[in-house]
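Reading through the structure tokens given below for one structure.
The values are calculated or read from the model by the stated rules, or taken from the named source; none is laboratory data. Small disclaimer: the values here were computed from a predicted structure and weren't measured. Cβ atoms come from the backbone with ideal geometry, glycine included; neighbour counts cover every protein chain shown. These accessible areas exclude ligands, DNA and RNA; they are computed on the full protein's heavy atoms, side chains included. Shrake-Rupley method; radii C 1.70, N 1.55, O 1.52, S 1.80 Å.
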Amino acid sequence: MTPVLQVNNLQVTYYTDAGRARALDGVDLTLNAGEKLGLVGESGSGKSTMALAMMRMIKPPGRIEGGQVIVDGLDLMSLSDDSMLKARLSKIAYIPQGAMNSLNPVIRIGAQMVDAIKAHDQGSSREDIEKRCKQALESVDLGANVFKMYAHELSGGMKQRACIAISILLKPKVIIADEPTSALDVVTQRQVMETIDRVQKEIGAAVILIGHDMGLMAQFVDKVAVMYTGRIMELSSVRDMFVDPKHPYAQALIKSLPNLDNKGVFNGIPGMAPALLQLPGGCAFHPRCSQVMETCKTQRPPSIALSGGRILECHLYSEKA
Amino acid sequence: MSDLLEFKNVTKTYSSGLLSRVSTIALNNMSLKLDAEQPTITTVAGESGSGKTTLAMLLLGFTTPTSGQILYKGKDIHTLRGEERMLFRREVQAVFQDPFAVFNPFYTVDHLLTVPIARFKLAKSKSEAMNKMVEALTAVGLRPGDVLGRFPHQLSGGQRQRINIARALLLRPKLLVADEPVSMVDASLRANILETLRGLQKDYGVSIIYITHDLTTAYHIANSIVVLYRGEVMEAGDVDKVIKNPQHPYTKLLIDSIPWPDINRRWGETEIKVRESDLSEKSAGCKFSSRCPFVMDKCKQSPPLFRLSEHQAASCYLYEQNPTIDPGKLSDLLPV
């Protein structure tokens with residue numbers, strides 16, 4: 001099976017007055033069609049930068065320094081700006097954080113959907129385009145009447161689903177959803193996630209779900225990648241991640257989660273994420289790590305592959321390997 | 001036994017429209033008591049539009065109830081004047097949802113802490129004020145050297161939220177209203193903030209009203225819970241009982257929808273009924289009836305609270321064989 005998405009050594013740097021901040025420090029990722037990957041990490045770990053870089057939507061002072069993003073055999077980084085415009089939505093779609101605020105308030109939902117299709121496909125008739133829009137709305141559980149509505153007439157969850165409908169209009173190969181439910185309550189959240197799950201299966205796309213809610217990840221994704229200071233610290237199947245996390249940061253993250261059995265026990269992660277401008281030497285996590293060794297302070301751990309497609313960056317395991 | 005705070009049949013209605021008045025009942029006939037002697041953490045849970053923030057605004061005296069009374073130490077908070085009002089303002093503190101919006105970006109964080117000290121004349125000298133600040137910051141698990149003299153943008157969301165708690169703590173409050181204090185904070189920092197809140201209640205004897213839509217954190221921090229839906233109490237009682245063994249169909253749906261970070265505990269199978277667009281605003285009777293899978297004819301009338309056990313009650317006709325309880329006695333259900 002050829003992967004539908006392949007990210008190789010992706011690097012993004014923000015040039016600020018205070019210095020250069022490496023927001024993405026060489027990230028590799030492979031995803032098959034129909035797979036769902038969760039990208040988790042604290043604020044500032046680079047997960048949203050990762051999404052924007054894959055869409056080539058990094059704005060100055062940020063710059064993509066290198067790497068490849070190959071979707072369906074096509075390297076997005078090598079495309080001209082015009083071809084990239086065409087690739088967005090048709091190859092790779094993005095549901096931004098707080099997507100409900102990204103709908104235009106003075107244009108009907110339907111018109112925004114028609115716009116999106118027309119930008120990629122001038123040949124179709126008006127009726128045909130309208131039919132496709134209504135089908136997309138139907139598939140996210142919104143009535144066809146939403147086509148004629150304005151954003152303010154919809155609730156938060158409905159707006160979010162309308163955004164999902166737009167993102168699947170052209171049946172993209174990869175859908176990136178950046179905290180699609182962070183502003184919604186639990187019941188609506190479940191509805192939205194079930195919607196993404198269903199449409200994803202229908203069009204067979206790969207999904208990258210970005211967020212910091214590990215609960216949501218446990219319920220939704222197949223693989224989890226834990227990010228820290230612009231690098232992937234651990235990538236493994238969702239079951240391995242929750243049952244037997246390997247990286248000390250992943251272990252602390254899993255341990256900090258509230259569950260039904262450990263009422264009143266709070267295991268926060270001590271310390272705070274380092275500023276990207278002053279990254280500690282060696283492994284970036286070493287000042288907070290409970291199992292820190294001498295080598296961690298000076299040498300960056302190499303990326304090592306374990307069985308089951310598991311990838312780790314930690315000296316604890318590199319010695320054994 | 002004296003009451004710190006009492007809600008007496010409080011109703012809050014918001015009206016809109018110039019010609020035809022459209023009114024929304026944000027909170028309907030709510031009664032709640034908090035005991036002054038035994039500090040406790042009470043969760044008020046519900047989805048958006050359930051009236052939980054209205055409850056916070058009423059508690060803090062920011063809006064007036066349409067009917068009913070809110071008493072603080074036996075006196076209506078809207079009749080307090082002068083020193084009594086200052087005391088109320090000092091003893092009832094709040095921590096809000098957004099740790100980014102409450103800071104003035106032009107001042108260092110010291111400003112946020114020195115203003116209340118000056119306003120309430122908590123310290124006689126600068127060094128005493130400094131000591132108080134250091135003490136409060138240490139109590140919430142911050143190193144004063146890390147945060148004092150810094151500007152808000154130099155701090156993380158978790159640090160800012162803890163400074164907010166420190167500010168509240170500085171005033172030695174009796175009651176803290178925490179409106180979604182962790183929803184905008186990274187998951188890895190949530191545990192730290194919740195632990196801080198818990199410490200306030202245990203070590204400093206502060207009662208906390210914890211307002212949230214996140215039942216996972218509610219379960220971990222609170223003693224008791226009140227579940228609201230569109231301004232009505234659906235279920236209330238001991239947080240262990242309500243979360244582990246919910247009875248009201250709405251609470252069941254809520255708890256079924258929690259994404260537990262547990263690979264062996266999947267999202268429930270209960271189907272979510274009705275598209276939101278089909279919900280009629282003005283359904284009489286039980287507010288949840290339009291979405292309820294067990295709806296009966298009887299549900300066209302508002303159900304009273306039925307007592308299920310010593311520390312649990314649900315407002316649902318499914319339990320009509322149980323004795324009813326007076327909504328004014330809601331607090332008796334809540335363990336401390």
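Averaged over the residues of A:189-197, the number of partner chain Cβ atoms lying within 10 Å of the residue Cβ comes to 3. Remark: chain B carries 44 Å² of accessible area per residue (probe radius 1.4 Å; ligands, DNA and RNA excluded). Between B:G49, B:G149, B:G82, the residue with the greatest mean-square fluctuation in the GNM of chain B (Cα pairs under 10 Å linked by springs) is B:G82.
Per residue, the accessible area of the stretch A:86-213 comes to 38 Å², computed with a 1.4 Å probe over protein heavy atoms only. Placing a label point 7 Å from the Cα of A:T2 along the Cα-to-Cβ line, the residues of the stretch A:88-119 whose backbone N sits under 17 Å from it are A:91-92.
The 3J(HN,Hα) values that the Karplus relation (6.51, -1.76, 1.60; θ = phi - 60°) gives for the stretch A:120-135 are, in residue order, 10, 8, 7, x, 6, 7, 4, 4, 4, 4, 4, 5, 4, 4, 5, 4 Hz. Gly and Pro appear as x.
Note on B:K329 and B:S309: the extension gain reaches 5.8 nm, defined as 0.36 nm multiplied by sequence separation minus the Cα-Cα distance.
Between the stretch A:256-321 and the stretch A:226-253, the C-alpha centres lie 8 angstrom from each other. Taking Cα pairs under 8 Å and at least six residues apart, what relative contact order does the stretch B:22-148 come out at, in percent? Result for the stretch B:22-148 is 14 percent. Under 5 Å between amide hydrogens, which residues at least 5 positions from B:K33 or on another chain qualify, with H placed 1.01 Å from N in the peptide plane? Placed amide hydrogens put B:F7, B:S331 under 5 Å from B:K33. Label zone (B:Y204, point 7 Å along Cα-to-C-beta; backbone nitrogen cut-off 18 Å) within the stretch B:167-185: B:167-182.
Taking Cα pairs under 8 Å and at least six residues apart, what relative contact order does the stretch A:5-318 come out at, in percent? Relative CO of the stretch A:5-318 lands at 21 percent. Scanning residues 5 or more positions from B:V44 or on other chains, those with amide H under 5 Å from its amide H are B:Y210, B:I211, B:T212, B:V226, with H placed 1.01 Å from N in the peptide plane. For the chain pair A and B, buried accessible area totals roughly 4100 Å², probe 1.4 Å, rounded to the nearest 100. DSSP assigns beta bridges within chain B; of those with both partners inside it, close to 65 percent run antiparallel.
Indicate the gyration tensor shape class of the stretch A:209-274 (rounded, prolate or oblate), computed on the Cα atoms with a ≥ b ≥ c the square roots of the eigenvalues: a/c under 1.5 is rounded; otherwise a/b larger than b/c is prolate and the rest oblate. Cα axes put the stretch A:209-274 in the oblate bin.
For peptide B:43-53, the mean count of partner chain Cβ atoms within 10 Å of a residue's Cβ comes to 2. Largest first, the residues B:H111, A:H152, A:H315 sort by 1.4 Å accessible area into A:H152, B:H111, A:H315.
Suppose every K and R has +1 on its Cβ and every D and E has -1 on its Cβ; what is the size of the dipole of chain B about the Cα centre, in Debye to the nearest 20? That gives chain B a dipole magnitude of about 860 debye.
Select from the stretch A:114-150 all residues whose loss of accessible area on going from the chain by itself to the full protein assembly reaches 30 Å² or more (probe 1.4 Å). Residues meeting the cut-off: A:D141. Placing a label point 7 Å from the Cα of B:S183 along the Cα-to-Cβ direction, the residues of the stretch A:136-169 with a backbone N closer than 14 Å are A:156-157. Quick check on the stretch A:5-318: of the DSSP beta bridges with both residues there, what percent are antiparallel, nearest 5%? Around 60 percent of the beta bridges assigned by DSSP in the stretch A:5-318 are antiparallel ones. Here the stretch A:1-98 exposes an accessible surface that is 49 percent carbon and sulfur, computed with a 1.4 Å probe and the other protein chains kept in place.
Accessible surface of the stretch B:109-157, 1.4 Å probe: 56 percent of it comes from carbon and sulfur atoms. The HN-Hα couplings worked out from phi for the stretch A:214-228 by the Karplus form 6.51 cos²θ - 1.76 cosθ + 1.60 (θ = phi - 60°) are 5, x, 4, 4, 4, 7, 10, 9, 9, 10, 10, 10, 9, 9, 8 Hz, whole numbers, x standing for Gly and Pro. Segment A:Q97..A:R239, full-extension length gain: 48.5 nm, with 0.36 nm per residue of separation and the alpha-carbon distance subtracted. In the protein assembly as shown, taking the dipole from charged Cβ atoms about the Cα centre, the farthest positive-side position among B:V177, A:N262, A:S290 is held by B:V177. Computed from the C-beta positions of B:S302 and B:A36, the FRET efficiency with R₀ = 30 Å rounds to 0.40.
Near A:L306, the amide H atoms lying under 5 Å from its own belong to A:I311, A:L312; only residues 5 or more places off or on other chains count, and H is placed 1.01 Å from N.
For the peptide A:16-26, the mean number of other protein chain Cβ atoms found within 10 angstrom of a residue's Cβ is 0. Fully extending the segment from A:E138 to A:R108 would add 9.1 nm, taking 0.36 nm per residue of separation and subtracting the current Cα-Cα distance.
When the Cα gyration tensor is reduced to axis lengths a ≥ b ≥ c, the ratio a/c is 1.5 or higher for the protein assembly as shown, and with a/b not above b/c it is classed as oblate. For the protein assembly as shown, DSSP calls about 65 percent of its internal beta bridges antiparallel.
Can you pull the accessible area of B:F151 for me, 1.4 Å probe, Å² to the nearest 10? Estimated to the nearest 10 Å², B:F151 gives 70 Å².
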